[in-house]
Each structure stands twice: as structure tokens, then as C-alpha cells.
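K.L.:
Mind having a look at this structure? Questions to follow.
The values are calculated or read from the model by the stated rules, or taken from the named source; none is laboratory data. Fair warning: this is a prediction, and the values are worked out from it, not measured in the lab. Methodologically, a virtual Cβ is constructed for each residue, glycine included, from the backbone with ideal geometry; neighbour enumeration extends over all protein chains shown.
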Amino acid sequence: MTQDELKDAVAAAALDEIRPLLGRHTVIGVGTGSTANRFIDKLATLRDDFRGAVASSEATAERLRGHGIEIFELNETGTLPVYVDGADEVNAHLHMIKGGGAALTREKIVAACSERFVCIADASKRVECLGDFPLPVEVIPMARSYVARELVMLGADPVYREGVITDNGNQILDCYEFMIDDPEAMEARLNAIVGVVTNGLFAARGADVLLLGTDQGVERLT
Ligand code: 5RP
């Protein structure tokens with residue numbers, strides 16, 4: 001199967017996963033990226049079965065609205081029953097690297113406010129050790145060089161993602177050459193650098209369910 005077919009398969013599996021949670025009053029969290037987009041397109045078929053969605057990016061909000069799905073602000077919904085999103089890498093503990101699409105901060109906020117995180121990914125995203133994919137770090141623009149120097153001291157090779165401004169008006173440093181042995185400890189360490197808004201390690205709040213698209217079918221890992 002192609003990577004696109006695997007993404008379609010996990011998007012369909014996610015629909016089955018969340019269907020029992022849907023009802024007239026249900027608002028769900030929806031992630032960002034090409035896999036999440038496929039989920040959104042399938043979610044549109046259930047548009048009349050739930051109330052609406054909280055989007056993790058402006059791009060996702062636009063796509064959801066395009067399907068006639070109502071968008072809610074997280075401040076008006078409280079805790080969400082479920083959040084569905086992709087990942088750039090995911091390990092056996094369902095810790096992830098996210099933020100390839102620069103939406104990491106809102107993704108982490110929506111994930112934090114959700115009872116269940118369903119990660120949808122094709123098999124290429126499954127890794128033993130996080131870090132082959134360059135770890136995104138969202139920074140306040142005036143702190144970019146300072147944060148980069150701190151990241152170098154931690155052993156990373158940070159590269160400014162030129163031309164990218166996040167939905168929050170910030171910038172991204174991508175950390176290359178940065179294999180992560182202890183994701184929870186590194187997530188906390190990076191958060192402690194002044195000027196860092198968010199880092200793309202989702203370990204303190206990892207996924208609860210991973211739907212992994214493989215040539216043998218969709219694996220459900222918890
Ligand atoms: C965006 C993300 C995405 O979930 C991640 O980049 C995966 O994207 P895709 O499904 O396109 O591979 O974190 O910030």
C-alpha cells in the first residue's frame with residue numbers, strides 16, 4: 001500500500017474509534033496535517049451526528065468549516081471527550097514528536113484538554129527512539145537566538161524554519177541530530193528554557209491509542 005492509502009486506512013479506523021463517543025452535544029478535538037485532513041474529510045460524513053469541533057490550527061478550522069462542521073473555542077467547551085491527530089514520530093510508549101506542520105502549541109493545548117488522544121499514523125512514523133525527525137521548538141521571536149544557543153548546549157543542532165510564522169505569531173527552531181532517550185525529561189527540560197513556547201515532544205501527555213497503518217492492516221496499540 002502507498003503511504004496515502006495507509007493514511008486513508010487509519011483515518012477510516014479513527015472514525016470507527018470515535019463513533020461511539022458522538023452525540024448531539026459532543027464537541028471533538030481535531031488535529032493538523034495530511035493524515036488529520038483525511039480524517040476531517042471522512043468526519044464530514046457524520047456531520048449531523050455531533051455538535052462540532054475544536055481545531056488545532058487555522059488550516060484545520062478552515063477545512064472543518066468547508067465541510068459545514070461548526071468550530072468552537074476551547075474556552076467555551078471545557079474538556080473534550082477525544083482528540084484525533086497525526087504524528088511525525090511515535091514510539092512504543094505512544095510518546096510522539098509533533099509539529100512538522102508548525103501547529104504544535106495548539107495541538108498540545110487541545111490534547112491536554114482531551115480525555116483521550118487517538119493518534120493516527122502510517123507505519124513510517126513508528127520508531128524505536130524519537131529524534132530522527134527534527135524536533136520542532138516554537139519560540140518567541142526575540143528569544144530565537146538565545147533559545148538556539150541553549151539547544152546547542154543540550155546537544156541539538158537547531159535550524160531556524162525560515163518563512164514560517166505559527167498561528168500564534170511565533171517562530172520555529174527544528175532540532176537536528178537530537179536523539180531523545182528520555183522524552184518526558186527532555187520535554188520538561190526544553191519547556192524550562194526562557195522564550196520557549198512549546199516543544200514538539202508529546203510525552204507527559206502522549207497518545208492513549210495509536211492506530212498504525214501497515215500493509216497487514218490497521219494495528220490498534222494502547
Ligand atoms: C502538525 C503535526 C502533524 O500531526 C504531523 O506533522 C504529522 O503530519 P502528517 O499527517 O502530514 O504526516 O504535528 O503540526
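K.L.:
Could you say whether any residue in segment 83-94 is part of a helix (DSSP H, G or I) and either in the same structural domain as Arg19 (by the TED database) or closer than 28 Å to Glu162 by Cα (or both)?
P.N.:
No, that holds for no residue.
K.L.:
Restricting the search to segment 1-15, which residues are among the polar types (S, T, N, Q) and either surrounded by 14 or more Cβ atoms within 10 Å (Cβ to Cβ) or touching a residue at least 12 places away in the same chain (Cβ under 8 Å) (or both)?
P.N.:
Within segment 1-15, Gln3 is the sole residue that qualifies.
K.L.:
A further question on this structure: Could you grab me the full set of residues in segment 111-164 that are of a type in the set (Lys, Arg) and either within 18 Å of Glu89 (Cα to Cα) or surrounded by fewer than 17 Cβ atoms within 10 Å (Cβ to Cβ) (or both)?
P.N.:
Hits for segment 111-164 are Lys125, Arg126, Arg149.
K.L.:
Contact list please: Cβ distance under 9 Å, first residue in segment 137-162 and more than 14 Å from Ile193 (Cβ to Cβ), second residue basic (Lys, Arg), pairs at least six apart or on different chains.
P.N.:
From segment 137-162, the pairs are Tyr160/Arg144.
K.L.:
Can you say whether Ala103 is within 14 Å of the ligand (Cβ to nearest atom), surrounded by 18 or more Cβ atoms within 10 Å (Cβ to Cβ), farther than 21 Å from Met179 by Cα and in contact (Cβ under 8 Å) with a residue 24 or more places away in the chain, as far as the supplied structure shows?
P.N.:
yes
K.L.:
Follow-up. Tally up the residues in segment 102-113 that are assigned to a loop (DSSP other than H, G, I, E, B) and under 9 Å from the mean Cα position of the chain (by Cα), please.
P.N.:
The total comes to 1.
K.L.:
Take the residues of segment 37-90 that are within 16 Å of the ligand (Cβ to nearest atom) and free of Cβ contacts under 8 Å to residues at least 24 places away in the same chain: which is surrounded by the most Cβ atoms within 10 Å (Cβ to Cβ)?
P.N.:
Out of the qualifying residues, it is Ala61.
K.L.:
Okay, next question. Which count do you get for residues in segment 16-28 that are surrounded by 16 or more Cβ atoms within 10 Å (Cβ to Cβ), within 24 Å of Ser124 (Cα to Cα) and not β-branched (Val, Ile, Thr)?
P.N.:
Number satisfying all stated conditions: 1.
K.L.:
Can you report the number of residues in segment 106-116 which are near the ligand (Cβ under 9 Å from one of its atoms) and free of Cβ contacts under 8 Å to residues at least 40 places away in the same chain?
P.N.:
0
K.L.:
If you don't mind, there's one more thing I want to ask. Residues that are assigned to a loop (DSSP other than H, G, I, E, B) and touching a Ser or Thr at 6+ places or on another chain (Cβ under 7 Å): does segment 167-178 have at least one?
P.N.:
yes
K.L.:
Out of (1) within 15 Å of the ligand (Cβ to nearest atom); (2) part of a helix (DSSP H, G or I), what's the single condition that is false for Cys119?
P.N.:
Among (1) within 15 Å of the ligand (Cβ to nearest atom); (2) part of a helix (DSSP H, G or I), Cys119 violates only (2).
K.L.:
Hey, could you check segment 193-215 for residues that are free of Cβ contacts under 8 Å to residues at least 60 places away in the same chain and among the aliphatic types (A, V, I, L, M) and say which is farthest from Pro134 (Cα to Cα)?
P.N.:
Val194
K.L.:
The conditions are (1) away from the ligand (no atom under 16 Å from the Cβ); (2) closer than 23 Å to Ala123 by Cβ, and Val194 fails exactly one of them. Which is it?
P.N.:
Among (1) away from the ligand (no atom under 16 Å from the Cβ); (2) closer than 23 Å to Ala123 by Cβ, Val194 violates only (2).
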